[in-house]
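Every number here is computed from the coordinates shown, using simple stated rules; none is lab data. Everything quoted here is computed from the prediction, not taken from an experiment. Using ideal geometry, Cβ is built from the backbone for each residue, glycine included, and neighbour counts are taken over all protein chains shown.
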Amino acid sequence: MKYIIRKISTLILTLFIVSIFTFTAFQVIPGDSVLSTLGMDASPEAIQALRQERGLDENLALRYGRWLGNVLQGDFGKSTQYNMEVGALVSSRLTVTVWLALLSIILIIAISIPLGILSAMKEGGIIDRMLTLLTQTMMAIPPFFLGMILTLIFGICLKWFVPGNYVSFSENKGKFFAYLIYPAIAMAIPKIAMTVKFLRSSIRRQMHLEYVRTAKSKGNSKKDILVKHVLKNALIPVITFLGMIIADVLAGSIIVEQVFNLPGLGRLLVVAISSRDYAVVQAVVLYIAAIVVVINLFVDVLYRIIDPRISKEGGAE
Amino acid sequence: MRKKNLNFILGAILIGIVLLLVLVGIFYTPYDPNAMNGSIKNTAPSFAHWFGTDNFGRDIFSRVMEGSRTTFFVAIATVAIGTIVGTLVGAFTGYYGGALDSVLMRINDGITSFPSILLTLVIISIFGIGKYNIILALGIVFIPSFARVVRSEYMVQKEMDYVKMAKLMGASDIRILFIHILPNISSMLFSTITIGFNNAVLAEAGMSYLGLGVQPPDASLGRMLSEAQAYLFSAPWYAIAPGVMIVITVLGISLINEER
């Protein structure tokens, strides 16, 4: 319990630092949002007026304080490009990204764990060797190129979906997922490869430990040892690894959304960066950072529940 | 044992092909990579144009050579920033320890727990887009991971007898850090650099694909993929060529690194 409180306070501190970073980072940039709205040849009076309206003429700490106050109430300011509330804009785009990441993570877990076990069980055999080469290859493919290949195969050749098309969640749930599955696969494949590799070496490490030798000498079969003893221990580090993967998948969707023309957070962020719409950039970065930090906390806690040895060590300090 | 060799040979062949294309590309390309020719837009691969032509009638094979060079340049420059700064930070913090070390490593942990794509995007939105800004952004993002690896190596090495001996013989700290210890961690550093290079190639491709990295008319592998996207239907070979180039580069290096 003490541990969780300490972790949550670290989490709040981290988010606080991230918020300072994201806020100040965009204040030191030369071209400001006023100029990009009004254009370079706007009159000095008009510039001054808009600067005042947006509160850009006060000092940094004061502006940060007010900005943070607003953010805590869910008010991220106004998008200069879409001319609408950033909060509403971001939450309208959140659905796609979250579902996409979720779908991808389900695929990663469902496929990589059996494959990793298979690869470790047949260590050195033909299946293991082929899987190893295959995972190396899959890790070398950038997800957006995979997305283009999937579009080429399933969209253009097989015509299973219309490339560049999108059906919203509220419109038709079935079609929504039918369109989301291809980008989810594109994001999942390299991560599946990584997880298989990680799990395989995790199992192999366990296989050389004393308790496995003891179990072997008692006459247990290799499969029995693996299922009853090794797997439990080998899967623990995989949980932390998956926590990192989840954060990566979430961020990776920024690029993959572009390939499939999905109206998610990533597309919003990229367009906002190109058009210097900083209120939107700040909001999206904060959103993703918050999600990542919360996932990290969740994984940490889960880790301790599964492996009580760690919480004992942690309790000693 | 046999399998190890096979993978290593495969990796060496792949890297050989890529290096050949990049090196030859410095002096010679079959066509001018930026020369447009309206009469041969989006033609399929042929003897005259091995990888076909793009929407401006530019020779894709020449552009892949040129683009790989740009991608390599960005990746090498990125890794150089990460290695040099990361090694300096890692060496000093690992060797001296102390309060600065714990503060820096806390910050380091914080930074590395965030996805690198997000961090790169934030830095790019501050510096602006372009080839040199992407190098700077990726370089900065790479520093923490290099620093962490180097630091942990220095923490181990500084307890070794040869370091204690050198100290007794009156060697200066700088001499111990960079003449005595650094060569001893070179094998580990090499492995970190190769992994870093792969990540840099993938990151350049991703950022240029988003339109935030290398700008037209310059070719880079990511930039080409982004241009190819619109012609996936009419000219699929346009996307395949730079994409496969990325894959064989990264695969080749990781196979060699793995089996070294």
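Dipole magnitude of chain B about its Cα centre, charges +1 at Lys/Arg Cβ and -1 at Asp/Glu Cβ only, in debye to the nearest 20?
360 debye
When the helix-only estimate is applied to chain A (DSSP H runs of n ≥ 4, each -39,500 (n - 2.57), divided by the residue count), what is the mean residue ellipticity at 222 nm, nearest 500 deg cm²/dmol?
-25000 deg cm²/dmol
If you project the alpha carbons of segment A:93-282 onto the principal axes, what extent comes out on each, in Å, largest first?
Ordered largest first, segment A:93-282 gives principal extents of 65, 40, 30 Å.
Over chain B, what is the relative contact order in whole percent, taking alpha-carbon pairs under 8 Å and six or more residues apart?
29 percent.
For A:Met1 and A:Phe169 in one chain, what is 0.36 nm times their gap in residues minus the Cα-Cα distance, to one decimal in nm?
56.6 nm is the gain from fully extending A:Met1 to A:Phe169.
So what is the relative contact order for chain A, in percent, with contacts set as C-alpha pairs under 8 Å and at least six apart?
So the answer I get is 26 percent.
Taking loop as defined by DSSP and a crowding limit of 12 other beta carbons within 10 Å, which trypsin sites (Lys or Arg not before Pro) in segment A:201-285 fit?
Hits after loop and neighbour filter: A:Lys218.
So how strong a dipole does chain A carry about its Cα centre when Lys and Arg Cβ are +1 and Asp and Glu Cβ are -1, to the nearest 20 debye?
1880 debye
Could you tell me the center-to-center distance, by alpha carbons, between segment B:6-43 and segment B:91-169 in angstrom?
Value for the Cα centre distance between the two parts: 35 Å.
Report, in listed order, any pair from A:Lys122/A:Lys222; A:Lys78/A:Lys173; A:Lys159/B:Lys41 with a Cα-Cα distance greater than 20 Å.
A:Lys78/A:Lys173; A:Lys159/B:Lys41
Counting partner chain Cβ atoms within 10 Å of every residue's Cβ in A:287-294, what's the average?
2
Using the charge dipole of the protein assembly as shown (Lys, Arg: +1 at Cβ; Asp, Glu: -1 at Cβ; taken about the Cα centre), state which of B:Asn34, A:Leu226, A:Val284 has its Cα farthest towards the positive end.
It is A:Leu226, whose Cα lies furthest towards the positive end.
Across every pair of different alpha-carbon atoms, what Kirkwood hydrodynamic radius in Å does chain B reach?
Roughly 20.2 Å, rounded to one decimal.
Please get the size of the charge dipole for the protein assembly as shown, origin at its Cα centre, with Cβ charges of +1 on Lys and Arg and -1 on Asp and Glu, quoted in debye to the nearest 20.
Here the protein assembly as shown has a charge dipole of around 2240 debye.
Could you work out the helix-only [θ] at 222 nm for chain B, with each DSSP H run of four or more residues adding -39,500 (n - 2.57) and the total divided by the number of residues, to the nearest 500 deg cm²/dmol?
So the helix-based figure for chain B works out to -24000 deg cm²/dmol.
How big, on average over all directions, is the shadow cast by the Cα convex hull of the protein assembly as shown, in nm²?
33.2 nm²
How would you order B:163-172, B:33-42 from highest to lowest mean count of nearby Cβ atoms within 10 Å?
B:33-42, B:163-172
Taking the Cα centre of chain A as the origin and placing charges on Cβ (Lys, Arg +1; Asp, Glu -1), which of A:Phe21, A:Asn172, A:Val71 is farthest toward the positive end of the dipole?
So the residue furthest toward the plus end is A:Asn172.
On each of the three principal axes of the Cα atoms of chain A, give max minus min coordinate, whole Å, ordered largest first.
87, 60, 34
Name the helices (complete DSSP H segments) of chain A with a Cα length along the long axis of 15 Å or more and a Kyte-Doolittle mean of at least 1.0, or state none.
Both cut-offs are met by A:2-25, A:86-121, A:231-259, A:278-306.
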